[in-house]
Amino acid sequence: MKRIIKAPLKIKNMKLLRFGRDFKPDEEVILRDYLAIERTRLANERTLLSYIRSSLYLLLGSIAFFQLKGFPNFKYLAILSLIFSAVFFIIGVYRFTLLKKSLKRLYYISEEKENKNS
């Protein structure tokens, strides 16, 4: 396993934007737990890609609405779609980094306990 350098989480007090829960392991990470962490990491990446895909679809939709010259009321829908595209992208990246940091903390705590027991 590779060694991960500990970095503190800077966004701790923002309860409004906090999506996940922090958890602390009771003991060192065993193989079953390690594999579960890897599945979680892969699911996290898959979710990020889904947010990016949705963001790109909304971006393409807003570009299409801007191209419709015969319907001036669609301009507001295009702007709204563009805003939601940016919001989806920002939320996806934020949730990805939040869970990634949480998983790294899990590794740190387990490594510290493993070093104390050795």
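The values are calculated or read from the model by the stated rules, or taken from the named source; none is laboratory data. For clarity, every value in this text was computed on a predicted model and none was experimentally measured. Note that each Cβ is placed from the backbone with ideal geometry, even for glycine, and that neighbours are counted across all protein chains shown. Side chains included, ligands, DNA and RNA excluded: accessible areas come from the protein's heavy atoms. Shrake-Rupley method; radii C 1.70, N 1.55, O 1.52, S 1.80 Å.
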Quiz prompt | Under the Karplus curve 6.51 cos²θ - 1.76 cosθ + 1.60, θ = phi - 60°, whole-Hz ³J(HN,Hα) for segment 93-106, x wherever Gly or Pro sits | solution = 5, 5, 5, 4, 5, 5, 5, 5, 5, 5, 5, 5, 4, 4
Self-check item: Hydrodynamic radius by Kirkwood, which averages 1/r over all alpha carbon pairs of segment 32-83, in angstrom
Solution: 13.0 Å
Quiz item: So if R0 is 30 Å, what FRET efficiency would Phe84 and Glu38 give, r being the distance between their Cβ atoms, rounded to the nearest 0.05?
Solution: 0.40
Practice problem: Compare the peptides 68-77, 85-94 by average per-residue count of other Cβ atoms within 10 angstrom and give them in order, highest first. | Solution: 85-94, 68-77
Quiz prompt | Neighbourhood charge, 14 Å Cβ-Cβ cut-off, centred on Val93 and excluding it, Lys, Arg +1 and Asp, Glu -1 | solution = +3
Quiz item: Ranked from the most accessible area to the least, with a 1.4 Å probe and all protein chains present, what is the order of Arg95, Arg32, Arg105?
Solution: Arg32, Arg95, Arg105
Practice problem: Once you have the Cα-Cα distance between Leu77 and Ser54, take 0.36 nm times their residue separation minus that, and quote the gain in nm to one decimal. | Solution: 6.6 nm
